[in-house]
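See structure below.
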Amino acid sequence: MSTTTDLVIAIKKELKAAQMTYADLAKCLDMAESSVKRMLAKGDMSLSRVDDICRALKLDFAELARRVADAQPLISEMTQEQERAVVADKKLLLVAICVLSQWTLEQITGRYRLTEAECVKYFAQLDRIGIIELRPLNRYRLKLAKTFRWRAHGAVMNYFRENAVLDYFSGGFGGHGEGLLMVHGSISRSLAPTFLERLQRVAQDFAQQHQADQKLADKDLEGYTLVLGMRGWEFGAFTLLRR
């Protein structure tokens, strides 16, 4: 979908929200109603005309542009190239993980040994990669869908398999709010996707709680990592004992 088409769609939404008809807009623009309809149908308008429309809607142009951006489809999975770009620089990967949790620049630089300039640089890289849309005052909009997940065999998951899995599972899982469960069983193939959907809901609940608790003081927060997985698998040593 073209940017012009997106802009026209956003303008029409704003007209509807403001309960303005084409006739109302035409009067504000000192144009014929038929000309306004033709202009919006073709998407043929100058920036000055867009400014006039914004004034008629009592809407700032920057806000209109932001709403156009917010309406863009969100990413549910990155390309191999995007993931390789993320893992190419370990500090960039760190910042990418932080923005997935919607940390602010202040939170990132307060927790990790990154200067503000470094963090802004990595924000700009993530903007170019397509993970975020960088906004004024070093704020950003995450461009990933709620259903986003790293590619199963992509660069990021491969990096964590090679560098983080043993570190994660070497922990005792005996602390407050910690636990490790491993359940093996044979179930109907038709029911397996149902259990996976439940796991996905747990992950979404965890992510939503993270967002809700960002208003708490740092002393009341603790960093947790939730790992959920389900696959057809048997321990290799057991497989060797099969008849």
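For this structure, a couple of remarks:
- With a Förster radius of 45 Å applied to the C-beta separation of Val183 and Arg55, the computed FRET efficiency comes to 0.15.
- Under 12 Å, Cβ to Cβ, from Leu126 - net charge with Lys/Arg +1 and Asp/Glu -1: +2
- In loop segments of the range 152-197 as defined by DSSP, the GluC sites (Glu not before Pro) with at most 14 further C-beta atoms inside 10 Å of their C-beta are Glu178.
- With 20 Å as the limit on Cα-Cα distance, the pairs of Lys16/Lys146; Lys13/Lys58; Lys12/Lys58; Lys91/Lys121; Lys90/Lys146 that go past it are Lys16/Lys146; Lys90/Lys146.
- Here the gap between Val120 and Ala203, fully extended at 0.36 nm per residue and compared with their Cα-Cα distance, gives a gain of 27.0 nm.
- FRET efficiency for Ala88 and Thr4, using Cβ-Cβ distance with R0 set to 30 Å, rounded to 0.05: 0.30
- Applying 1/(1 + (r/R0)^6) with R0 = 41 Å to the Cβ-Cβ distance of Ala152 and Leu216 gives a FRET efficiency near 0.75.
- Estimated from helices alone, the mean residue ellipticity of the chain at 222 nm is -16000 deg cm²/dmol (sum of -39500 (n - 2.57) over DSSP H runs with n ≥ 4, per residue).
- Reduced Cα scattering model of the chain, Debye log10 I(q)/I(0), q = 0.08, 0.16 Å⁻¹: -0.50, -1.25
- Additional length obtainable on full extension of the chain from Ser35 to Leu241, 0.36 nm per residue less Cα span: 66.2 nm
- Spacing of the two label points (7 Å from each Cα toward its C-beta) at Lys12 and Leu134, in nm: 3.4
- Approximate spin-label separation Arg231-Leu196, in nm, with each point projected 7 Å along Cα-to-Cβ: 1.2
- Taken as Cα centroids, the range 8-30 and the range 40-72 sit 11 Å apart, rounded to the nearest whole angstrom.
- Magnitude of the charge dipole for the chain, about its Cα centre and with charges confined to Cβ atoms of Lys, Arg (+1) and Asp, Glu (-1), is about 620 debye.
- Residue-level accessible surface for Phe173, protein heavy atoms, 1.4 Å, Å²: 40
- Accessible carbon and sulfur surface of the chain relative to its total accessible area, %, 1.4 Å: 54
- Projecting label points 7 angstrom from Cα along Cα→Cβ for Glu63 and His176 puts them 4.4 nm apart.
The values are calculated or read from the model by the stated rules, or taken from the named source; none is laboratory data. Just so we're clear, the structure is a prediction, and the values are computed from it rather than from any experiment. Cβ: placed from backbone, ideal geometry, glycine included. Neighbour counts: every protein chain shown. Calculation scope for accessible area: heavy atoms of the full protein, side chains included, ligands and nucleic acids excluded. Shrake-Rupley method; radii C 1.70, N 1.55, O 1.52, S 1.80 Å.
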